[in-house]
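The values are calculated or read from the model by the stated rules, or taken from the named source; none is laboratory data. Predicted model, so just to flag it, every value in this text is computed and none were measured. Glycine also receives a Cβ, built like all others from the backbone with ideal geometry; neighbour counts cover every protein chain displayed. Areas reflect the complete protein model, heavy atoms only, side chains present, ligands, DNA and RNA absent. Shrake-Rupley method; radii C 1.70, N 1.55, O 1.52, S 1.80 Å.
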Amino acid sequence: MNTPIYDFVTEYMNSGISRLHMPGHKGRGPLGVEARDVTEIRGADVLCEAEGIIGESEANATVLFGSGHSFYSTEGSSLAIRAMLFLALQYARTMPDPRPVVLAARNAHKAFLYACALLDCDIEWIWPEDTDLNSVCACHPTPDQITSRLRAMDRRPFAVYLTSPDYLGTLADVRGITEAVRDAKIPVLVDNAHGAYLHFLPESLHPLDLGAFMTCDSAHKTLPVLTGGAYLQVSNTAMDLLGPEIRPALSLFASTSPSYLILQSLDLCNAYLADGYRERLAGTIARADALKASLRAAGVPVLDSEPLKLVIDASGAGSTCREAGSTCGEAGGALLAEVLRASGVEPEFADANYLVLMLTP
């Protein structure tokens, strides 16, 4: 698969041209990456219009993900969340209610809260029920719970908002929920920031393939993309209904100075995904499953999770430590994190109850 953004910058970098334009480092400096850091010069395309090399690269990503369109974000999933909520409001603009409301599971990221505040929409929360996970990260409503809440609400929500996978690697029943709300024609939006790779499993678990209207995917979380690289993944249905409005919605909330370093990494990721990624992913998952099995056999409480997370229930680690005569307290996950750091391992997340490690090919 070709890499038009990366190739353009490489040719420009090697041309010897005098850079009498932004950025101020002029392509040289102590960091070593300045030569690849350009701006929207002639031929580099413009992210808010994307009719040249950026558009070509996004078209490659669209083919790989099988989406209606895969739009690039250089400002993470946070930008994609703002845009997809705004677009869902546009889709529901004929709603008679004076104030819009979104029905959302309570484990939403703070970027969702900020977006709702910015768009001045209300949130009807779905709180955790019957969960064994003692965490603010855990809230996975069933299709029956969703339909029950919809019947009880005095205002029709403009969207149902889910977070899947969550920080503890749990997957929501996206297919069941999308089917449950299909007749009501309420779009399901999914924060899939931790699941960009899910489309490439032998049987896709990507929310878009399970019926979601739109998703945000943080490419930088589970794919080899620089921090800040993400996608707004749009279904064929959403593309048909809102296509001309999607890029302007992203531009409304985005910087007018997108990072070309991040764009190049998104571009190169297409070639990476097209060249044996499914096989590398399968191999990594097999090794991760073997590791989880060996830990469980040793008595370590490893939770069921999406394939690329290793999640340990560390709630008993503090009491175990105390019984051994230490004064480490009850913060079991934090305790295990310190043990790992002493051995040269930095985890993704730790709190009083859980330790989370993220794996990739």
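If the Cβ limit is 9 Å and pairs must be 6+ apart or interchain, which residue in segment 273-296 that is in contact (Cβ under 8 Å) with a residue 60 or more places away in the chain pairs with which residue that is among the charged types (D, E, K, R) and outside any helix (DSSP H, G or I)?
Filtered contacts from segment 273-296: Ala288/Lys309.
Any idea which of (1) surrounded by fewer than 19 Cβ atoms within 10 Å (Cβ to Cβ); (2) aliphatic (A, V, I, L, M); (3) at pLDDT below 95 is the one Leu335 doesn't satisfy?
(1)
Please enumerate the residues belonging to segment 229-270 that are open to solvent by 10 Å² or more (accessible area, probe 1.4 Å) and among the hydroxyl-bearing types (Ser, Thr, Tyr).
The answer is Ser235, Thr237, Ser251, Ser255, Thr256, Ser257, Ser259, Ser265.
Could you please tell me which pairs satisfy a Cβ distance under 6 Å, a separation of 6+ or placement on different chains, a first residue in segment 201-215 that is closer than 9 Å to Arg175 by Cα and open to solvent by 10 Å² or more (accessible area, probe 1.4 Å), and a second residue that is of a type in the set (Ser, Thr, Tyr) and part of a helix (DSSP H, G or I)?
Between residues of segment 201-215 that are closer than 9 Å to Arg175 by Cα and open to solvent by 10 Å² or more (accessible area, probe 1.4 Å) and residues that are of a type in the set (Ser, Thr, Tyr) and part of a helix (DSSP H, G or I), the close pairs are Gly211/Thr178.
Give the number of residues within segment 17-34 that are among the β-branched types (Val, Ile, Thr) and within 32 Å of the chain's Cα centre (by Cα).
Of the residues in segment 17-34, 1 are among the β-branched types (Val, Ile, Thr) and within 32 Å of the chain's Cα centre (by Cα).
Quick check, is Leu295 surrounded by 12 or more Cβ atoms within 10 Å (Cβ to Cβ), touching a helix residue (DSSP H, G or I) at 6+ places or on another chain (Cβ under 8 Å) and modelled with pLDDT of 95 or more?
Considered against the rule, which asks whether it is surrounded by 12 or more Cβ atoms within 10 Å (Cβ to Cβ), touching a helix residue (DSSP H, G or I) at 6+ places or on another chain (Cβ under 8 Å) and modelled with pLDDT of 95 or more, Leu295 comes out as no.
Across segment 239-274, what is the number of residues that are farther than 13 Å from Phe86 by Cα and assigned to a helix (DSSP H, G or I)?
20
So, of the residues in segment 41-63 that are in contact (Cβ under 8 Å) with a residue 60 or more places away in the chain and in a loop (DSSP other than H, G, I, E, B), which turns out to be farthest from Asp217 (Cα to Cα)?
Per the stated criteria, the residue is Ala44.
Which count do you get for residues in segment 214-241 that are hydrophobic (A, V, I, L, M, F, W, C) and in contact with a strand residue (DSSP E or B) (Cβ under 8 Å, 6 or more places away or on another chain)?
Final tally of qualifying residues: 8.
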